Amino acid sequence: MSRPAHPKRGRKAENRAVVPAEMEAVALDEFGPPSVLTQRTVPVPRPGPEEVLIAVHAAGVGVWDAKIRDGTWADDDIEFPLILGTDGAGVIAEIGERVRRLHVGDRVWAYTYDNPKGGFYAQYVAVSTKHVAALPKSLTMLQGAAGAVTGLTALQGCDDHLEISRGQTVLIFGASGAVGTLAVQFAARYRGARVIAIASGSNARTLLEKLGADAVIDGRRRGALERIKEAAPDGLDAILALAGGPMLTASIGLIKHGGRVAYPNGVEPNPRRRRRVRVVPYDADVSPTKFAELGRAVGKIRLVVPIAATYQLGHAAKAHARIERGHVVGRIALTIRGAARS
Ligand SMILES: NC(=O)c1ccc[n+]([C@@H]2O[C@H](COP(=O)([O-])OP(=O)(O)OC[C@H]3O[C@@H](n4cnc5c(N)ncnc54)[C@H](OP(=O)(O)O)[C@@H]3O)[C@@H](O)[C@H]2O)c1
C-alpha cells in the first residue's frame, strides 16, 4: 500500500518517490539492554505543515542513545514504542504544505532530539524544517549521518563557546570520539589553533595526527599531566571537554587566567569550576543558520568524518552493544538504504 506525496508540488516534484504507508523501524517497548531494540513494521509518519518527510539513508548512533535506551536519561513523558536516533541523512520524500525552503528530492542532513514523530532508526522520519539543511557536497550520506549533531556540537564548542582563534593552544579532552575527531579539525584547521588531543591507543593517535593534532597524549597514562605541560609551556587558552574525570580536573589547572572550558551537557562528571576560568556547559543548537555555519566549515576544510563501524538497521542492538564496550574511534552509524555511501 502506498500514499501519494503531498499534492503541493515541490520544485523537483516530478522526481518524488512514492511513499509507502508502512516502513521498517527499530524501536523499544521498555527500557533495558541493547536486546530491547527490535525491528518492526510501523506506519510512516506524516509531515505536518512545516515539516518534511526524509527517506533516511543512514542514521548516527550516539552514546546518548544508549542512555535513553537503558532509561538513564528517561523523560517522564516518553511514549512506547520509542524509535531512537537523533540525526541522519537522506532524501526529502514529501514536504508539508507551508514548506518553501526545501524540496522533494533534496539531499539533506538533520538533527532533532526528542522528535515527537520518532527518530532516525527508521526508513522515514518527519522533521521540522528548522532542523534540516542541504547536505554539504563534500559529504556522503553516511558521513552526513555520522556528522550532523556531532558536527554542530564540535563547531559550536570551538566557535561559540570557546571562541578559539589562530595561535591559541587548545586541549581537546576525549579527542578520539565522535565529537572530538571533528573538534580537532575545526580547532586546528578551521581556526588555526595548536591542538593537544587527549586520547588513548595507537589507532587514535595515528588518526588524530592526520586530522591536525599537534600533540596526542594518553590521559590515562602516568605522567600525562607533565606531558601536557611540556606541550603547552605557556599554559592552555581553552579546553573542550568531551569526557570528565581527575585528569580533566588537573588539566583545568593549566589554563591561563581568563581562559575557558566548554563541555556539552552529558559529559560526566561535570568539569569543576575554577576561579578565573569560565566553565560553560552547552547543548548543540540546531537551526538553518547553525547548519549553514557548519556547512561552510565542512566545505572549507573538507572535514573528514571518521566512521568507526556501520551496522544495518536491523542490527541496531549490535551497534549499541559496540558503543557500550567503549573506545570507539569516530562515530558509529546505521545504514538504512543501500546507497548510503554515495
Ligand atoms: N548536549 C549536547 O548537545 C551533546 C551533543 C553531542 C554529544 N554530547 C555529549 O558529549 C560527550 C562526547 O560525545 P561523543 O559522542 O564524542 O562521545 P564518545 O564518542 O564516547 O567520545 C568520548 C571520548 O572520551 C574519552 N574518554 C572517556 N573517558 C575518559 C577518561 N576518563 N579519560 C580520558 N578520555 C576519556 C573516550 O576515549 P576512550 O575511547 O579512550 O575511552 C572517547 O574518545 C558525551 O558525553 C555526549 O553525551 C552532548
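Does Val42 qualify as being outside any loop (DSSP other than H, G, I, E, B), more than 22 Å from Ala146 (Cα to Cα) and at pLDDT 95 or above? Outline the logic, then answer.
Working: outside any loop (DSSP other than H, G, I, E, B): yes; more than 22 Å from Ala146 (Cα to Cα): yes; at pLDDT 95 or above: yes.
Yes, satisfied.
Residues of the stretch 44-56 that are touching an Asp or Glu at 6+ places or on another chain (Cβ under 6 Å) and under 12 Å from Val19 (Cβ atoms): Pro47, Leu53. Within the stretch 64-96, the residues that satisfy the criterion of being touching a helix residue (DSSP H, G or I) at 6+ places or on another chain (Cβ under 6 Å) and within 18 Å of Pro33 (Cβ to Cβ) are Ala66, Trp73, Leu84. Among the residues of the stretch 115-128, the one identified as part of a strand (DSSP E or B) and aromatic (Phe, Trp, Tyr) is Tyr124. Against the list (1) modelled with pLDDT of 95 or more; (2) surrounded by 15 or more Cβ atoms within 10 Å (Cβ to Cβ), the condition Lys300 fails is (2). When the stretch 244-272 is filtered for residues that are more than 8 Å from the ligand (Cβ to nearest atom) and part of a strand (DSSP E or B), the ones remaining, listed by number, are Ile255, Lys256, His257, Gly258, Gly259, Arg260, Val261, Ala262.
Which one is modelled with the lowest pLDDT, of the residues in the stretch 256-296 that are basic (Lys, Arg) and in contact with a His (Cβ under 8 Å, 6 or more places away or on another chain)? Ranking the candidates gives Arg276 first.
Restricting the first member to the stretch 252-272 and to residues that are closer than 17 Å to Leu225 by Cα, and the second to residues that are surrounded by fewer than 21 Cβ atoms within 10 Å (Cβ to Cβ) and charged (D, E, K, R), the beta-carbon pairs closer than 6 Å and six or more apart or on different chains are Ile252/Arg274.
Of the set (1) surrounded by 13 or more Cβ atoms within 10 Å (Cβ to Cβ); (2) not in a loop (DSSP other than H, G, I, E, B), all apply to Thr289 but (1). Right, Lys117: surrounded by fewer than 22 Cβ atoms within 10 Å (Cβ to Cβ) and over 28 Å from Glu324 (Cα atoms) or not? No; evaluated as a whole, the condition is false for this residue.
For the stretch 273-286, how many residues meet the condition of being assigned to a loop (DSSP other than H, G, I, E, B) and surrounded by 14 or more Cβ atoms within 10 Å (Cβ to Cβ)? Give the derivation first.
So the first thing to find is which residues in the stretch 273-286 are assigned to a loop (DSSP other than H, G, I, E, B), and the list is 273, 275-276, 283-286.
Still in the running and surrounded by 14 or more Cβ atoms within 10 Å (Cβ to Cβ): 284, 286.
Summing the residues that are assigned to a loop (DSSP other than H, G, I, E, B) and surrounded by 14 or more Cβ atoms within 10 Å (Cβ to Cβ) in the stretch 273-286 gives 2.
The residue of the stretch 321-330 that is farthest from Gly88 (Cα to Cα), among those that are within 13 Å of the ligand (Cβ to nearest atom), out of contact with any strand residue (DSSP E or B) (no Cβ under 7 Å at 6 or more places or on another chain) and touching a residue at least 60 places away in the same chain (Cβ under 8 Å), is His327. Whenever a residue of the stretch 287-312 is under 26 Å from Val26 (Cβ atoms), its partners that are modelled with pLDDT of 95 or more and β-branched (Val, Ile, Thr), lying with C-beta atoms within less than 7 angstrom and at least six residues away or across chains, give the pairs Pro306/Thr181; Pro306/Val329; Ala308/Val328; Ala308/Val329; Ala308/Ile332; Ala309/Ile332; Thr310/Thr335; Gln312/Thr335. Selection over the stretch 240-260 of residues that are under 20 Å from the mean Cα position of the chain (by Cα) and either of a type outside the set (Gly, Ala, Ser) or over 26 Å from Gly326 (Cβ atoms) (or both) gives a count of 2.
Those helices (runs of 4 or more DSSP H) of the stretch 129-243 in which 2 or more residues are surrounded by fewer than 19 Cβ atoms within 10 Å (Cβ to Cβ) occupy 202-211, 224-231. In contact with a Phe, Trp or Tyr (Cβ under 6 Å, 6 or more places away or on another chain), within 16 Å of the ligand (Cβ to nearest atom), farther than 16 Å from Arg337 by Cα and touching a residue at least 12 places away in the same chain (Cβ under 8 Å): is that true of Thr112 in this structure? Spelling it out, it is not the case that Thr112 is in contact with a Phe, Trp or Tyr (Cβ under 6 Å, 6 or more places away or on another chain), within 16 Å of the ligand (Cβ to nearest atom), farther than 16 Å from Arg337 by Cα and touching a residue at least 12 places away in the same chain (Cβ under 8 Å).
The values are calculated or read from the model by the stated rules, or taken from the named source; none is laboratory data. Remember, it's a predicted structure, so these values are computed and weren't measured experimentally. Cβ atoms come from the backbone with ideal geometry, glycine included; neighbour counts cover every protein chain shown.
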